[in-house]
1. Quick one: residue 206 ticks every box in (1) over 19 Å from residue 176 (Cα atoms); (2) among the small types (Gly, Ala, Ser); (3) in contact with a Phe, Trp or Tyr (Cβ under 9 Å, 6 or more places away or on another chain) except a single one, so which number is it?
2. Pairs only if they're at least six apart or on different chains, beta carbon under 7 angstrom, first in segment 124-135 and in the same structural domain as residue 71 (by TED's automatic domain parsing), second among the aliphatic types (A, V, I, L, M) and modelled with pLDDT under 95; list them, first residue then second.
3. Can you find, within segment 127-162, the residue that is farthest from residue 311 (Cα to Cα) among those that are assigned to a loop (DSSP other than H, G, I, E, B) and among the aliphatic types (A, V, I, L, M)?
4. I'd like the full set of residues that are in contact with a helix residue (DSSP H, G or I) (Cβ under 6 Å, 6 or more places away or on another chain) and over 21 Å from residue 163 (Cα atoms), limited to segment 301-325.
5. Could you identify the single residue in 111, 123 that is touching a Pro at 6+ places or on another chain (Cβ under 6 Å) and charged (D, E, K, R)?
6. Restricting to segment 163-177, count the residues that are in contact with a Lys or Arg (Cβ under 9 Å, 6 or more places away or on another chain) and part of a loop (DSSP other than H, G, I, E, B).
Amino acid sequence: MTASSTLPVVALTLGDPAGIGAELIAKLLARPEATSHANLVLIGDRWLWEAGQRIAGVQIKTEPAASLAAVRKRPSTALPAFVEVETMDPSQVTIGQAGAAGGRSVLTVLDLCMAAALAREIDAICFAPLNKHAMKLGGLRHEDELHHFAEYLGVKGYFCEFNTLGDLWTSRISSHVPLKDAPGYLSIERIEQAAELIYTSLLANGIARPKVAIAAFNPHGGDGGSCGREEIDIIEPAVRTLQARAWPTESPFHGPFPADTVFLKAQAGEYQAVVTMYHDQGQIAIKLLGFSRGVTVQGGLPVPITTPAHGTAYDISHKGRADVGATWQAFQIACRMGSAYRQQNVSA
C-alpha cells in the first residue's frame with residue numbers, strides 16, 4: 001500500500017486574494033515537515049499562488065494534478081499537488097480591500113473542495129482566511145461560511161464553529177447574530193448537541209478523555225435567579241441530562257460555571273473544552289490567550305474543515321509580515337481529523 005493511499009488527502013485554499021492567505025499557505029508549505037502529515041493538494045489561481053510565494057520570499061515545488069479526484073492516486077506525496085483553477089483576473093483585486101470578485105473567487109474554490117468532499121475525493125479542508133463581507137458581495141447568501149458549508153453538504157443536524165487554542169477548544173450556542181437575539185438561541189437541546197459535538201470532535205482530534213465545561217449565560221451564573229433564570233430553566237437541566245447518560249467512566253460534562261471564571265479553570269488544564277452561550281463569551285478569552293495561534297474548526301459537518309481564526313489582516317496584506325502560526329495549527333488539526341475521517345471511511 002502506498003503512502004498516498006494511507007495518508008489523508010487535505011485540500012488547501014489560498015483565501016481572499018486581497019488578504020494574507022496566499023502568503024500564509026506559501027509559508028506553510030515552506031516547512032519541510034508539511035508533506036509528512038498528509039497527501040496535500042493546493043487549489044486556486046496560479047497567479048495568486050505565485051504572488052503568495054513572492055510575498056513570502058519562498059519558492060515551493062508542486063506537482064500538477066488534473067483534478068482533486070486524481071490526488072489520492074498519486075504514487076508519491078513528496079510534493080504538494082496543485083489543481084489550477086481560474087476564478088478571477090489579478091486586475092480585479094484591490095490589495096487590502098474587500099471586493100465582490102475576491103468573494104466570488106473564494107466561494108468558487110470552496111465549492112469545488114466541498115464537491116470533492118461529497119465524492120470522498122478529499123478527507124479534510126484547510127482554508128486560508130476569507131472575508132465575510134467580500135463573500136456576501138460575491139454572492140454568499142448566508143450569515144457566514146459555516147452555514148454555506150452546511151447547506152452545500154446537506155447537513156440536517158446540529159453544527160457550530162469551534163474556536164481552539166492548543167489543547168483548549170470552545171463551542172457556542174449562538175454565533176454571528178446580534179447580542180440582543182442571543183437569549184432566543186438558548187435551549188436544552190442546543191446545549192446538549194453543542195456539548196456532545198465538541199466532545200466527539202476532541203476524540204477525533206486525538207484527545208483520549210476530554211472534559212467539557214458548560215458556561216453560564218448571566219453575570220455570576222445568574223446569582224440563583226436574581227440576575228436571570230437561564231441557568232435554572234435551561235442550562236442546569238441540560239447539564240444534568242448530559243451527566244445522566246452512560247459514559248465509559250465519569251461524565252465528561254460539568255457546569256454551568258460563571259463565564260468570568262470558567263476560562264481560568266480551562267487555562268489551568270481542568271477542562272479541554274468550554275461550551276459558551278454566545279460569540280464573544282468565548283472569542284474574547286481565546287483571542288486574549290493567544291491570538292496568533294487560534295484556529296476555527298467547522299463542527300458538525302461530514303468532513304473536517306479548519307482555518308486560522310485571525311482573518312484576512314488587510315492592513316498587512318502583501319507586506320510579507322503575516323504570522324503563519326495559526327495556519328500551521330489549523331493545518332495540523334485538519335491532518336489529524338482528516339486521518340480519523342479517512343480511517344473511518346476505509347473501515348466502513
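1. Only one criterion is unmet by residue 206, namely (3).
2. From residues that are in the same structural domain as residue 71 (by TED's automatic domain parsing), the pairs are 124/337.
3. In this case the residue turns out to be 155.
4. 318, 320, listed by residue number.
5. It is 123.
6. Final tally of qualifying residues: 4.
Listed here are the residues, each with its yes/no results for (1) closer than 16 Å to residue 124 by Cβ; (2) surrounded by 23 or more Cβ atoms within 10 Å (Cβ to Cβ).
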{"residue": "25", "(1), (2)": "yes, yes"}
{"residue": "30", "(1), (2)": "no, no"}
{"residue": "37", "(1), (2)": "yes, no"}
{"residue": "45", "(1), (2)": "no, no"}
{"residue": "56", "(1), (2)": "no, no"}
{"residue": "61", "(1), (2)": "no, no"}
{"residue": "64", "(1), (2)": "no, no"}
{"residue": "86", "(1), (2)": "no, no"}
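Yes/no per residue for (1) farther than 29 Å from residue 7 by Cα; (2) in contact (Cβ under 8 Å) with a residue 40 or more places away in the chain; (3) surrounded by 23 or more Cβ atoms within 10 Å (Cβ to Cβ); (4) not hydrophobic (A, V, I, L, M, F, W, C):
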| position | (1), (2), (3), (4) |
| --- | --- |
| 265 | yes, yes, no, yes |
| 268 | yes, no, no, no |
| 271 | yes, yes, yes, yes |
| 287 | yes, no, no, yes |
| 301 | no, yes, no, no |
| 307 | no, yes, yes, yes |
| 310 | no, yes, no, yes |
| 328 | no, yes, no, no |
| 332 | no, yes, no, yes |
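The values are calculated or read from the model by the stated rules, or taken from the named source; none is laboratory data. These numbers come from a predicted model, not from an experiment. Positions of Cβ are generated from backbone atoms using ideal geometry, with glycine treated the same way; all protein chains shown enter the neighbour counts.
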